[in-house]
Each structure stands twice: as structure tokens, then as C-alpha cells.
Amino acid sequence: MSNTDNSLIEFGVTGSETEQTPETGTLTEDTQSIISTRGLDVWYGDDHALQDVDMDIPKNRVTAIIGPSGCGKSTFLRCLNRMNDMVETARIEGEVRFNGTNVYDDDVDAIALRRQIGMVFQHPNPFPKSIYDNVAYGLRVQDKPVNDEIIETALRRAALWDEVEGQLDKSARDLSGGQQQRLCIARAIAVDPDVVLMDEPASALDPVATSKIEDLIEELAEEYTVVIVTHNMQQAARISDKTAVFLTGGKLAEFDDTQKIFENPESQRVEDYITGKFG
Amino acid sequence: MTPGLVLVFVLCLLFPLGVLAWRRFQSGESNLGLAAPFLIIGGTAIGVLVANATGFAGPEPWLDWQFVTSAHSRHPEEAGLYPAIIGSFFIMMVMAVFAFPVSIGAAIYLEEYAPSTGWRGRVVQLIQVNIANLAGVPSVVYGLLGLAIIARALRLGTGAVTTAAFTLGLLIMPITIISAQEAIRAVPDEHRQASYAMGASDWHTLRRVVLPEALPGILTGTILSLGRAIGETAPLIMIGAATTVYSPPTTLNDSVSAMPMQIFAWAGEFIADFRTGVLSAGVLTLLLAMLSMNAVAILIRNRYEQEQT
Ligand SMILES: Nc1ncnc2c1ncn2[C@@H]1O[C@H](COP(=O)(O)OP(=O)(O)O)[C@@H](O)[C@H]1O
Ligand SMILES: [Mg+2]
């Protein structure tokens, strides 16, 4: 396990060296990409859920993924940290390069990969344990030291500390939905991953909790690469630097700077989607 | 009844059941099943009252300290259930040590690891159906199996503690596996996903997330199946367990009797006092043991349900 762990770290950041094709969303500014997909296809049985996706996700930026439901946003996200490995019917082809290493290579350990690419889910899913144990979970799993300081730092970064200080042994189930989701973010960043994947993290929350999560995401981008799926276009426009638009059939329709996507998209279909003509 | 016995009865059964029923009642849930223990207890109480009113010899002069501390005797007033109580306890312990790890392991494998697609998946499905069928096989058939394989082929000895424990263990295994599977299945998949996404292995996820959450359910199921095993008689007769022994077993190879076996023997005694008094006391002891086990199971489940909300 430690072998592959190292191999992921040793490889340099090479994503942006791959050849560039204009409409598949390569980078225009000179940021490095941390994750690049090439010709990524996913099938669930005979269902072609993702078709030939090429994308370069920039480091330390917020990348939003939008599109109508069922277009493969979650599927794409789950390919990045190999969570689709657990879906028995899923078949994946193509490359997902993380710091230059194809994560689907035989010698890459999915467990080591997931320790570097954290994930926050659509529904807050804290364990029925104390707040403290939730945040400590990843550290314990990875045999890293657990102390109050690390827990506090993670909770502060997730903007939850002020609300739970002094009651860390309370059950996570007693928190509100928005607090639970921030706890899940704290749990994901406590182990200090490189990338945080978020699958519609605010879709189950009220507007106040949603705006807290949005503020938080912008701050997280200073230290982490954030990839966020959202069905809320305003949200994507507000918080992201880059936006990818998936359209029905699991095709990446357009990937560019957020401003460009929302003000002057290349394709008519994307424009129709952005302006609410369908989806 | 003696005051001490009444106290034990109230503490072990009526009180927790009353608390539970009250909570259920307040939460507005309807749960008819809850009435069953009350029916049994109420029925027993009415029986005692009627017996008292008509001057009929009920169990009360017979179930006393002497009864639970002495062995069978030719004189009804000196007869007791002690070796059978200890025998039953011995059998339950050995059975638990053998049957529960196997059952829980099987449940974990079937729920968390077994393939669900392809021809392997079909084999697993076949096994699953078979477990459900085995749960419905009459216990006397398990007795035959125990006699042929455990007592004879494996030479563990006719009527020995280990033979009885393994036979009863096989008997309760399907039920234990199924109830443990249900408890494991009840753990939300979201929690497993969260764990895997943190870079946890299968083993970590199982040990730190799935098992802690499933444990109360698994415990409830296993205690209930213990309750089933403690009252089984037919398989014990088949494997040649003694009806009456005069001293409790000291090793696992000793010949053993169990509470229902001794009760069965008393039913055939010539002296009438055995058939009315001593037998009733034995039945009451067995029932108390079983009902308090069930009460513990209900309490565990109740506490678990409260933690969930
Ligand atoms: N575990 C799965 N098994 C089978 N089909 C799936 C599974 N997950 C998603 N799909 C299918 O793949 C397509 C894309 O789904 P998803 O990635 O969840 O879309 P989105 O997140 O954009 O709503 C849908 O047609 C969906 O039905
Ligand atoms: Mg989705």
C-alpha cells in the first residue's frame, strides 16, 4: 500500500503538458492541472453514462460541474476517486491522471488514492458517532496521530467550530442538516487531502446553510482543489473559477472559465441550457 | 409465591416491559406484538389466582430455593432442577462460543463480500434460499443430524455437553444468520460510502462503521435465538441426552441434562406431586429464564432505537 501511496506523490504535476484540443476545455491561463481525464467512458451495464470526456481540472481552483440530472455529473466525480469501483455493473475506460499518474493503472491502490482525494456527498452522512470521532475517522483509518488541535483546525476550516465548541462528544446526529454537512467537510479535510470532491453538497440544505457552505468552498480553494457538482447555476456562477457543462448522454458539452460559460458560451445547446430553455 | 420471587419477577419482567410499553404508547406507535409477554404474564397470574382460590396446588409451594439448588430425588419435596439448570447454562455457553462467531461471520460474508452477479452470485442466492429453508426445518431433524454426525461420526459422545451444544448450535444458526444479516443490511449504505471515500479498507469499514452500527441488532437476534435453544427438547432426546442427572456436568464430555429434559421426565413420574407441583415449578423456571432473555433483547433494541432518533 505504501508503495502506491508514494507513486502518487512522486509523480510531478504534468497534466497541462498533454496535447490541447480547443473545444474539449483545455486551459487558457497558465494554471497547472491536478487531474486530467482523457477519453473517459463509463457504462453501467449497457447504459453509456459518460462519453469520451477530456477535462483538465486546475489546481487550487473551484471547478463546477453543471448539467441536467442524469447526465453523468455524479458518475464523472466518482471516477476521479474510483468510488465507481464499488458499483459492480460499472465499466470504465480511458484515463484519469492525478498528478500525472493514471489512477486506473493496475498498480494504483484505490485506498491510497482516496486518501488524497476527499469526498463530500449530496446527503449529509456523518457516522452515528460523536462529532470528535467523525472528524477523527479519517486520521484513525490512516493511522495518523489524532489530537484536539487537529480536530479543532479541521472544524475551524469547515466554519463549524464556533457552533460545536465544548460539545465535541455530542452525537453528530444531533446537529442540523447544514451543520452535519459542514461536519462532513471537516471530516474530509481533516486528513489534508489534495482535492475535495463535492456532489451537490448544498442541495439538501436551506438557503442560510447553503450560503455558509458556499462561503466555505471559496475559502477551501486557497488550500485545496475543489470540484463541485451542482444543479444550481447561480451557485456555479458565484463560486467557481471553471465550469464544465455536461449534457444529456454523458457528453461534456463545454468546459471553460466560468465567466465565459455564463456570458458567452461557444455552443448553442449550452446557451439554451444556461438560459433555462431546457433542463 | 414467595416475596423474593415476586420481586425478581417484577424487576426482570414487568418493570422493563412496562417502561417500554409506556414509551411505545406515548410515541403513538401501534405494536401488537408487545401484548404477547403481557398475555403470558397475565395468564400466569390469573392461573395462580384461580389455583389459590380453588385450593388447588399451584406452583408456589414448589418453586423455592431448595428447588433450584438440589438435584432430582425420589421424594417430590426434595426434588430440584439444579443439575439441569447448570446443564442448560453449560450447553448455552458452549453453543454461543461455537455458533455465534460462525453465524455472524457468515452474515458478514453474505452481506458485505459475497458476489451478487454472475454464476457466483447465483450460487450465493442458492445458499441464501437454503439458509431460509433450514430455519424452517423441524428441530427433531437437527436431532437426527446431531446423532448421526456429531455424536456418532465425530465421536463427540452420545448425550455429552459438546454434542448437545453443537446440535442446538446448528439448529439456531440459520435464524441467527438471517437476523444478523438483517441488522447488517439496516446499516445505511451512505455510511459505508463515507468510510470508503475516506480511504478506509473493507476491513476498516466493517470494523469501525458497519459492525458498531449493526451490533445491537445482531445482539438482539442472537439473544432471541438463545431463548429458542434453551427450550428445545426434541433434538436433545434424539442425541440421547439424559433426562435426569444427579450432578451438574464438570467437563464438556460429561453426560448432561437440560431444563426441558428434566421437565419431560417429571411428566412421566408415578407420584402425582411430581406431575403437578415439581413439574410446574420446572416450567416456571424455564419460562422465567426464557422471558428474561427476551426482555434483555427487547431492552437492547429499545435503547438502540432511541439512539437512532
Ligand atoms: N449505480 C448505478 N447503476 C446503474 N446506473 C447508474 C448508476 N449510477 C448512475 N447510473 C445512471 O447513469 C446515468 C448518470 O447518472 P448520474 O451520474 O448519477 O447523473 P447526475 O449526477 O448528473 O444526475 C443515469 O442514467 C443513471 O441512471
Ligand atoms: Mg448526481
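The values are calculated or read from the model by the stated rules, or taken from the named source; none is laboratory data. Every value quoted in this text rests on a predicted model; they were computed, and no experiment measured them. No Cβ is skipped: glycine too gets one built from the backbone with ideal geometry, and neighbour counts run over all protein chains shown.
I'd like to check something: does region A:126-141 contain any residue that is within 16 Å of ligand 2 (Cβ to nearest atom), surrounded by 17 or more Cβ atoms within 10 Å (Cβ to Cβ) and not hydroxyl-bearing (S, T, Y)?
Let us first name the residues in region A:126-141 that are within 16 Å of ligand 2 (Cβ to nearest atom), namely none.
No.
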- Considering region A:54-100 alone, what residues qualify as being more than 14 Å from every other protein chain (Cβ to nearest Cβ), within 9 Å of ligand 1 (Cβ to nearest atom) and over 12 Å from A:V227 (Cα atoms)? A:G67, A:P68, A:S69, A:G70, A:C71, A:G72, A:T75
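Inspect all residues belonging to region A:252-261 and state whether any of them is more than 16 Å from ligand 2 (Cβ to nearest atom), in a strand (DSSP E or B), out of contact with any helix residue (DSSP H, G or I) (no Cβ under 8 Å at 6 or more places or on another chain) and not polar (S, T, N, Q). Steps first, please.
Residues of region A:252-261 more than 16 Å from ligand 2 (Cβ to nearest atom): A:253-261.
Filter once more, keeping what is in a strand (DSSP E or B): A:253-257.
Remaining after also requiring out of contact with any helix residue (DSSP H, G or I) (no Cβ under 8 Å at 6 or more places or on another chain): A:256-257.
Filter again for not polar (S, T, N, Q), leaving A:256-257.
Looking through region A:252-261, at least one residue is more than 16 Å from ligand 2 (Cβ to nearest atom), in a strand (DSSP E or B), out of contact with any helix residue (DSSP H, G or I) (no Cβ under 8 Å at 6 or more places or on another chain) and not polar (S, T, N, Q).
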- Residues in region A:104-123 that are in contact (Cβ under 8 Å) with a residue 40 or more places away in the chain and over 15 Å from the mean Cα position of the chain (by Cα) total 5
- Query: Of the residues B:S255, B:S247, B:S179, B:S201, which single one is out of contact with any strand residue (DSSP E or B) (no Cβ under 6 Å at 6 or more places or on another chain), farther than 24 Å from B:S292 by Cα and modelled with pLDDT of 90 or more?
  - Reply: B:S201
- Would you please list the contacts, defined by Cβ atoms under 8 Å and residues six or more apart or on different chains, that run from a residue in region B:288-299 that is part of a helix (DSSP H, G or I) to a residue that is polar (S, T, N, Q)? B:A289/B:S88; B:A297/B:T220; B:I298/B:T220
- Restricting attention to region A:167-190, which residues are out of contact with any strand residue (DSSP E or B) (no Cβ under 6 Å at 6 or more places or on another chain), part of a loop (DSSP other than H, G, I, E, B) and surrounded by fewer than 21 Cβ atoms within 10 Å (Cβ to Cβ)? A:Q167, A:L168, A:K170, A:S176
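Mind counting the residues in region A:101-112 that are more than 14 Å from chain B (Cβ to nearest Cβ) and either under 28 Å from A:E214 (Cα atoms) or buried (at least 19 other Cβ atoms within 10 Å of the Cβ) (or both)? Reasoning before the result, please.
We begin by selecting, within region A:101-112, every residue more than 14 Å from chain B (Cβ to nearest Cβ); these are A:101-102, A:104-107.
Filter again for either under 28 Å from A:E214 (Cα atoms) or buried (at least 19 other Cβ atoms within 10 Å of the Cβ) (or both), leaving A:101.
Here the count works out to 1.
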- Message: Scan region A:108-124 and tell me whether some residue there is under 20 Å from B:S201 (Cβ atoms), in a strand (DSSP E or B) and within 16 Å of ligand 1 (Cβ to nearest atom).
- Response: yes
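Filter region A:57-74 for residues that are within 13 Å of the chain's Cα centre (by Cα) and either over 17 Å from A:G250 (Cβ atoms) or of a type in the set (G, A, S) (or both) and give the result.
In the first step, residues of region A:57-74 are kept if they are within 13 Å of the chain's Cα centre (by Cα); the result is A:57-66, A:73-74.
Answer for region A:57-74, where residues must be within 13 Å of the chain's Cα centre (by Cα) and either over 17 Å from A:G250 (Cβ atoms) or of a type in the set (G, A, S) (or both): A:I57, A:P58, A:K59, A:N60, A:R61, A:V62, A:T63, A:A64, A:S74.
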- Task: Evaluate the following for A:D199: is it on the phi > 0 side of the Ramachandran plot and within 14 Å of chain B (Cβ to nearest Cβ)?
- Result: no
- Is one or more of the residues making up region A:94-106 within 16 Å of ligand 2 (Cβ to nearest atom) and closer than 28 Å to A:A190 by Cβ? no
- Item | Options B:P235, B:P174; residue that is within 18 Å of B:L110 (Cα to Cα) and more than 14 Å from chain A (Cβ to nearest Cβ) | B:P174
- What tally of residues in region B:186-215 results from selecting those that are part of a helix (DSSP H, G or I), under 33 Å from the mean Cα position of the chain (by Cα) and more than 7 Å from chain A (Cβ to nearest Cβ)? 13
- Please go through region A:113-132 and pick out each residue that is more than 9 Å from every other protein chain (Cβ to nearest Cβ) and under 22 Å from B:L211 (Cβ atoms). A:S130, A:I131, A:Y132
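Mind checking whether some residue in region B:148-168 is closer than 30 Å to A:S74 by Cα, in the same structural domain as B:I230 (by TED's automatic domain parsing) and among the aliphatic types (A, V, I, L, M)?
Here is the first cut: in region B:148-168, the ones closer than 30 Å to A:S74 by Cα are none.
No.
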- Of the conditions (1) surrounded by fewer than 18 Cβ atoms within 10 Å (Cβ to Cβ); (2) under 30 Å from A:F127 (Cβ atoms), B:A297 fails just one. Which one is it? (1)
- Can you tell me how many residues in region B:121-141 are free of Cβ contacts under 8 Å to residues at least 24 places away in the same chain, surrounded by 12 or more Cβ atoms within 10 Å (Cβ to Cβ) and among the polar types (S, T, N, Q)? 2
- Message: Taking the condition of being farther than 18 Å from A:V196 by Cβ, away from ligand 2 (no atom under 16 Å from the Cβ) and surrounded by fewer than 23 Cβ atoms within 10 Å (Cβ to Cβ), how many residues in region A:28-61 meet it?
- Response: 13
- Just for region A:62-81: of the residues that are crowded, with 22+ Cβ neighbours inside 10 Å and assigned to a loop (DSSP other than H, G, I, E, B), which one is farthest from ligand 2 (Cβ to nearest atom)? A:N81
- Does at least one position in region A:229-245 carry a residue that is free of Cβ contacts under 8 Å to residues at least 12 places away in the same chain and either within 16 Å of ligand 2 (Cβ to nearest atom) or more than 14 Å from chain B (Cβ to nearest Cβ) (or both)? yes
- Quick one: in region A:134-162, which of the residues that are among the charged types (D, E, K, R), over 20 Å from B:H191 (Cβ atoms) and assigned to a helix (DSSP H, G or I) is farthest from the other protein chains (Cβ to nearest Cβ)? A:D162
- For A:P193, state whether it is within 16 Å of ligand 1 (Cβ to nearest atom), part of a loop (DSSP other than H, G, I, E, B) and within 14 Å of chain B (Cβ to nearest Cβ). no
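So, in region B:68-96, of the ones that are exposed (fewer than 12 other Cβ atoms within 10 Å of the Cβ) and not basic (K, R), which residue ends up farthest from the chain's Cα centre (by Cα)? Reasoning before the result, please.
Kept after step one, since they are exposed (fewer than 12 other Cβ atoms within 10 Å of the Cβ), are these residues of region B:68-96: B:69, B:74-75.
If we keep only those that are not basic (K, R) too, we end up with B:69, B:75.
Numbers: B:T69: 22, B:H75: 31 Å.
Restricting to residues being exposed (fewer than 12 other Cβ atoms within 10 Å of the Cβ) and not basic (K, R), the top hit is B:H75.
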